[in-house]
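For reference, the structure is listed below as structure tokens.
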Amino acid sequence: MLRNRQSAYESAPLAELLAVLLRQFKRPLKTRGVDLTDADAERLAESITAQTEIGAPGAAVRSALAELVTESEGVLAGWNLTFEVALDTPMEQIPGWESTAEFLEIANVKSNAELRISTGSILLLALGDDSRIGHVRFLADRADLGADLDTILARRLLDFKG
């Protein structure tokens, strides 16, 4: 990651970063019956960082996120992978493809599952659900492999939750 981008992630207000992550989940949340607007995402992120009650809308987001993370863990389990193992498993080791098109399709599915688990786990912890804290700690510990947004946010959130 470029040093300037890493620095921006490390210094940006946590509420702004969490709002961005929440907005990334708008479409998947909608499939779970949660219609999250940009304004809702910002209010929820502010509640998180102000450590105030997230209310019914936040609880609905938390519940839907937990379902999405569980679903994505199931996708990886279909290849006998845990989240932690999947991040270090090259696509060549994933079965079920013969053509380039199949390879790309499976790579997309794997990547989406990994992203939903990493980002979803961070958001779940932010929303008061520590059931996936192991994923968050794993991400935070990967700093020596290079700092990406999820790694930085995992570290920042763990520090914030103290």
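The values are calculated or read from the model by the stated rules, or taken from the named source; none is laboratory data. In this text the structure is predicted, and so the values were computed from the model without any measurement. Cβ: placed from backbone, ideal geometry, glycine included. Neighbour counts: every protein chain shown. The protein model used for the area step is the full one, side chains on, heavy atoms only, and it has no ligands, DNA or RNA in it. Shrake-Rupley method; radii C 1.70, N 1.55, O 1.52, S 1.80 Å.
Screening Lys110 with (1) surrounded by 17 or more Cβ atoms within 10 Å (Cβ to Cβ); (2) closer than 29 Å to Ser7 by Cβ gives one miss only, at (2). Residues in the range 58-70 that are open to solvent by 60 Å² or more (accessible area, probe 1.4 Å) and over 16 Å from Arg27 (Cα atoms): 1 in all. When restricted to residues that are within 16 Å of Thr119 (Cβ to Cβ), part of a helix (DSSP H, G or I) and not charged (D, E, K, R), the range 16-40 contains 9. Just to be sure, is Leu124 modelled with pLDDT under 95, closer than 14 Å to Asp150 by Cβ and either touching a helix residue (DSSP H, G or I) at 6+ places or on another chain (Cβ under 8 Å) or surrounded by fewer than 15 Cβ atoms within 10 Å (Cβ to Cβ) (or both)? Criteria not met by Leu124.
Please state which one of Leu87, Leu81 is out of contact with any Pro (no Cβ under 6 Å at 6 or more places or on another chain) and farther than 23 Å from Leu157 by Cα.
Working: Leu87 fails: farther than 23 Å from Leu157 by Cα.
Exactly one residue qualifies, and that residue is Leu81.
Does Ile122 qualify as being under 16 Å from Glu84 (Cα atoms), assigned to a helix (DSSP H, G or I) and among the aliphatic types (A, V, I, L, M)?
Values: under 16 Å from Glu84 (Cα atoms): yes; assigned to a helix (DSSP H, G or I): yes; among the aliphatic types (A, V, I, L, M): yes.
Considered against the rule, which asks whether it is under 16 Å from Glu84 (Cα atoms), assigned to a helix (DSSP H, G or I) and among the aliphatic types (A, V, I, L, M), Ile122 comes out as yes.
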